[in-house]
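Each value in this text was obtained by applying a stated rule to the coordinates, not by laboratory testing. Only a predicted model underlies this, so the values are computations on that prediction, with no experimental measurement involved. Note that we place each Cβ from the backbone using ideal geometry, even for glycine, and neighbour counts take in every protein chain shown.
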Amino acid sequence: MDIHRSAYPAPGVAGTRNTGCQAQIRHQSGRRVVTGQDQLEKSPAKRSSLFAFLPLVLFAVLAAIFAFQLASGRDESVIPSALIGKPAPALSLPAVSGLLKDGQPVPGLDPASFKGQVTLVNVFGSWCVPCRVEHPLLMQLAQDKRIRLAGLNYKDKNENALRFLDELGNPYAVIGADTSGRAAIEWGVYGVPETFLVGRDGIIAYKHVGPFTEASISDDLIPAVEAALRAK
């Protein structure tokens, strides 16, 4: 039987020790024994196979969530927010320059805007097509004297915001110009349009994502407004 030199030198014999990361192949009784490197070389292939399945697993999880939401009948426009039940962000934003209402400049947005009254804060932009779609409904809501509308003009140019409101009308009692988008981050905005209902105590009570429809106003917003009005 062929005897091959050990990977470890005999005691007292100088030599370099082979580590477990090096291939060791011995022939014993006609068998080929593989250790060390051969097994390690197979590991990347196994990892690659696992990575190849990750997108499929992720897709399956997302599909399951979507199917569950459809089955439960959940309204995707009403998205839970970490800010619901918490005070509205105490931010001060400048007014849209040159914007007038009843001959008076429309003020900017500040924390005092929410004190003592139920306020609907609508995040919009002149460049936002869905904002244009929902705007007539906001004009109707502005006629409801129980609530006040506040606008957060998101990443817009002043002249474009003026043109937008001049064309479609201004439902807002106050408007803050968020040209940098930082205020929207504080509000936890996902996209535009979004709308928040703030109670008389300054606490956010409701959030709607996307443009309002007549159904979402009657089924979701109005009950939330009435609940906020009943709250002390």
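Computed values, structure above
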| quantity | calculated |
| --- | --- |
| Nitroxide proxy distance, nm - points 7 Å out along Cα→Cβ at residue 112 and residue 190 | 3.5 nm |
| Members of 115/155; 145/207; 115/232; 115/145; 101/145; 101/207 lying beyond 22 Å, as alpha-carbon distances in this model show | 115/155; 101/207 |
| Environment charge at residue 131 (Cβ cut-off 13 Å; Lys +1, Arg +1, Asp -1, Glu -1) | -2 |
| Whole-angstrom gap from the stretch 106-176 to the stretch 183-216, using each part's C-alpha centre | 12 Å |
| Relative contact order of the stretch 107-232, pairs being alpha-carbon contacts under 8 Å that are 6 or more residues apart, as % | 33 percent |
| Stretchable slack from residue 226 to residue 127, in nm (0.36 nm times residue separation minus alpha-carbon distance) | 32.4 nm |
| Residues in the stretch 177-197 that a label on residue 86 would reach, taking backbone N under 11 Å of a point 7 Å out along Cα→Cβ | 186-188 |
| Computed magnitude of the charge dipole of the stretch 100-230 (debye, nearest 20; Cβ of K, R +1, Cβ of D, E -1) | 260 debye |
